Amino acid sequence: MKAIIYKTNTGHTFQYAKMLSEKLNIPCYSEKEAKHNLNNNDEIIYLGWICAGIISGFKKVKNKYNIKYCGVVGAYPPDSKYIEELKTANNVNIPLFYLRGGIDYAKLKGIKKKIVQMVGKVLEKQNPNNTELIELFKNGANYVSEENIKPMLEKIK
């Protein structure tokens, strides 16, 4: 494996990229940095955040590098059905790992912030008993942890 390439929005994906980089002893690069440090078809691990069921940046990177493993970072708790939906929607045919990130309202800007707040209000009406998700969408949270990358590390090593 040559490197990790990531695309982050509020920093959760970057946190996972750094963790994996240290554990696997390979560099991590943002998409922009990768252009200057990697060659086409280099074997990589790709990490991207989820936006409306789309793995940000995956399609672009998929056509340039040889992605061996993909990690997706989202706010929701892990769910095997959701992971399969992501694989199908994004045409992913390699091992895909869900890494729970969170919501950081201080780093969300403009329309993205408004959309996340709106989703939170809809979720609260639809699932008034799901206090964990309601709390997440009201106040934000960071669920990034080394524990979350263990399955990915086990598969890669």
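The values are calculated or read from the model by the stated rules, or taken from the named source; none is laboratory data. This one's a predicted model, so the numbers in the text were calculated from it and none came from an experiment. With ideal geometry, Cβ positions are generated from the backbone for all residues, glycine too; neighbour counts draw on all protein chains shown. Remember, those area values only see protein heavy atoms, side chains included, never the ligands or the DNA or RNA. Shrake-Rupley method; radii C 1.70, N 1.55, O 1.52, S 1.80 Å.
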Sort out for me the helices (runs of 4 or more DSSP H) sitting completely within region 81-157 that have 2 or more residues that are free of Cβ contacts under 8 Å to residues at least 60 places away in the same chain and more than 17 Å from the chain's Cα centre (by Cα). 110-126, 131-139
Regarding region 85-95, can at least one residue be identified that is touching a Lys or Arg at 6+ places or on another chain (Cβ under 8 Å) and closer than 25 Å to G140 by Cβ? no
Quick check on G120: is it touching a strand residue (DSSP E or B) at 6+ places or on another chain (Cβ under 6 Å) and surrounded by 15 or more Cβ atoms within 10 Å (Cβ to Cβ)? no
When A34 is run through (1) more than 15 Å from P151 (Cβ to Cβ); (2) open to solvent by less than 70 Å² (accessible area, probe 1.4 Å); (3) within 15 Å of the chain's Cα centre (by Cα), the failure sits at (3)
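Okay, residues lined up against (1) polar (S, T, N, Q); (2) surrounded by 12 or more Cβ atoms within 10 Å (Cβ to Cβ):
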position: K81; (1), (2): no, no
position: A89; (1), (2): no, yes
position: I94; (1), (2): no, yes
position: L99; (1), (2): no, yes
position: G102; (1), (2): no, yes
position: A106; (1), (2): no, no
position: G110; (1), (2): no, no
position: E124; (1), (2): no, yes
position: N129; (1), (2): yes, no
